[in-house]
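Asks: Starting off with a structure, shown below.
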């Protein structure tokens, strides 16, 4: 990348304020095709950038594919040609940031991982002796690294580096003419590793799902549970509605709520943590260069914080800086190994999350999961059942918190059980 001084001279030349974000990525990956019994390898490097210029409280943005300094001056010219047609807002300004800092969050050195290392791990899965009615549906494994650099017209220069690994294992099976699949996806800060324990787990779950079940569940009100991946799906909807801009414009399910309102149940707290060891959402600064800070979003059900970019922080209070986006989510509550006790079903899959009404939070989602005994033991697997509720009701009716907190990705979140929800 060209040095900072050459970039700053362009801001000076065109007498304009702004900032430049540069992203450089590198990756190594292996995919396995069970149809052709072939492995394919890829090793890639790429870069991109986004230039933001601000002039007379108007903003223009230009994205650069395959970034190089030679393309940057053209980006300045493109923005300046049209920026005067932009919308005026007195709070559109470049953040007052002057610091220089570099932060390396990575645990993995990509140079220490070869394609041969990835193949060794892949062979553990490929050569596993699955039950006779099961077979591999898909597999991929890889490592990637990202270096993000921020430079603004005031001379601030920041860099953050992070690496992660990914692993996807999927199997399929058939019983009595009925087929199904099961998979596991892991995003981690550690070297990618295929575990026999994980393979056995997805195999066992698929065998259970393929049982010839005749069980039906009558519509009604039940205590139910959601596995942690489904909890994350619902939390994603919560967070996608928490920007101050959306709420201010009435475009959020929280449009009628204020900071300090009691919204959810009081048995949990949710924290946005930009520096959580062994999780993949670590971030030093956002795209505007603002240093991110640990922020309580909900505390015992009380709405504590929204997401603010610089413009919206100026409209309220600069104390709101440092919480502009989801980083790592910590769900804080007392985990319980008996969280399934008294529940009728543990949902493992719900379909069509895109149909959730994000203005009201209402949903009715077709799904499937484990039928449970009164003690919480899995006794059968049933399909074609729908869960009907809304986001506020869901997180207000948490009955118990599981002890199976997710240890990868950017969500430290457990499975949850809920009281009095409608099955249709």
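The values are calculated or read from the model by the stated rules, or taken from the named source; none is laboratory data. Everything numeric in this text was worked out from a predicted model, so none of it was measured. So basically every Cβ, Gly included, is an ideal-geometry build from the backbone, and we count neighbours across all protein chains shown.
Asks: Does residue 257 fit the bill of being modelled with pLDDT under 95 and either over 30 Å from residue 397 (Cβ atoms) or part of a loop (DSSP other than H, G, I, E, B) (or both)?
Replies: So residue 257 fits the description; yes.
Asks: Follow-up question, since we're still on this one. Cβ-Cβ below 9 Å, separation at least six or inter-chain, first residue in the stretch 395-417 and on the phi > 0 side of the Ramachandran plot, second surrounded by fewer than 21 Cβ atoms within 10 Å (Cβ to Cβ) and modelled with pLDDT of 95 or more: which pairs?
Replies: Close Cβ pairs (under 9 Å, with a partner that is surrounded by fewer than 21 Cβ atoms within 10 Å (Cβ to Cβ) and modelled with pLDDT of 95 or more) amount to 409/185; 409/186; 409/187; 409/188; 409/232; 409/280.
Asks: For the stretch 348-355, state whether one or more residues are part of a loop (DSSP other than H, G, I, E, B), within 21 Å of the chain's Cα centre (by Cα) and at positive phi. Steps first, answer last, please.
Replies: Filtering the stretch 348-355 down to residues part of a loop (DSSP other than H, G, I, E, B) leaves 351-352.
Now narrow it down to the ones that are within 21 Å of the chain's Cα centre (by Cα): 351-352.
Among the residues that remain, those that are also at positive phi are: 352.
Checked the stretch 348-355: at least one residue is part of a loop (DSSP other than H, G, I, E, B), within 21 Å of the chain's Cα centre (by Cα) and at positive phi.
Asks: So if I check each of 320, 328, which one is buried (at least 21 other Cβ atoms within 10 Å of the Cβ) and either under 21 Å from the mean Cα position of the chain (by Cα) or not assigned by TED's automatic domain parsing to the domain that holds residue 275 (or both)?
Replies: 328
Asks: How many residues are under 30 Å from residue 124 (Cβ atoms) and without any contact (Cβ under 8 Å) to a residue 12 or more places away in the chain when one looks only at the stretch 12-69?
Replies: 6
Asks: If you don't mind, another one. Out of contact with any strand residue (DSSP E or B) (no Cβ under 6 Å at 6 or more places or on another chain), in the same structural domain as residue 231 (by TED's automatic domain parsing) and surrounded by fewer than 19 Cβ atoms within 10 Å (Cβ to Cβ): which single residue out of 306, 293, 262 fits that description?
Replies: Exactly one residue qualifies, and that residue is 293.
Asks: How many residues are more than 14 Å from residue 169 (Cα to Cα) and within 15 Å of the chain's Cα centre (by Cα) if we restrict to the stretch 187-241?
Replies: Qualifying residue count for the region: 16.
Asks: Let me ask you something else. For the stretch 123-132, enumerate the residues that are modelled with pLDDT of 95 or more, assigned to a loop (DSSP other than H, G, I, E, B) and farther than 17 Å from residue 184 by Cβ. Working first, answer last.
Replies: We begin by selecting, within the stretch 123-132, every residue modelled with pLDDT of 95 or more; these are 123-131.
Adding the requirement that they be assigned to a loop (DSSP other than H, G, I, E, B) leaves 127-131.
Hits for the stretch 123-132 are 127, 129.
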